[in-house]
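The values are calculated or read from the model by the stated rules, or taken from the named source; none is laboratory data. From a predicted model like this one, the values you see are computed outputs, not experimental measurements. Please note: Cβ atoms are built from the backbone with ideal geometry, for glycine as well, and neighbour counts cover all protein chains shown.
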Amino acid sequence: MAENKCTGDCTKCPFPQQVYCAAQRTYAILNNQESIVARLDALSARLSMFDSMESINPIMKDTAQEGAGAENRAPEHQIIT
């Protein structure tokens, strides 16, 4: 029995082989889809723990500066005469 390698060009294969390949690919895609949905559900469950941005880092709101902040210039010197 000769072994044929798939080239990805389905037009070169007979119709029954195309049907078989389509069924196999669909089955593989369904399995992948199940794992993708499971991952999305897990991510959704983890993200639902956060109600808002405040719950992600509540310290930022309390410790952020209220004034103008640091000044990025050299201090002014007074010349005493």
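Annotations
- Of all residues in the stretch 44-55 being surrounded by 10 or more Cβ atoms within 10 Å (Cβ to Cβ) and hydrophobic (A, V, I, L, M, F, W, C), the one that is modelled with the highest pLDDT: Phe50
- Subset of the stretch 1-43 that is in a loop (DSSP other than H, G, I, E, B) and polar (S, T, N, Q) - its residue that is modelled with the highest pLDDT: Thr7
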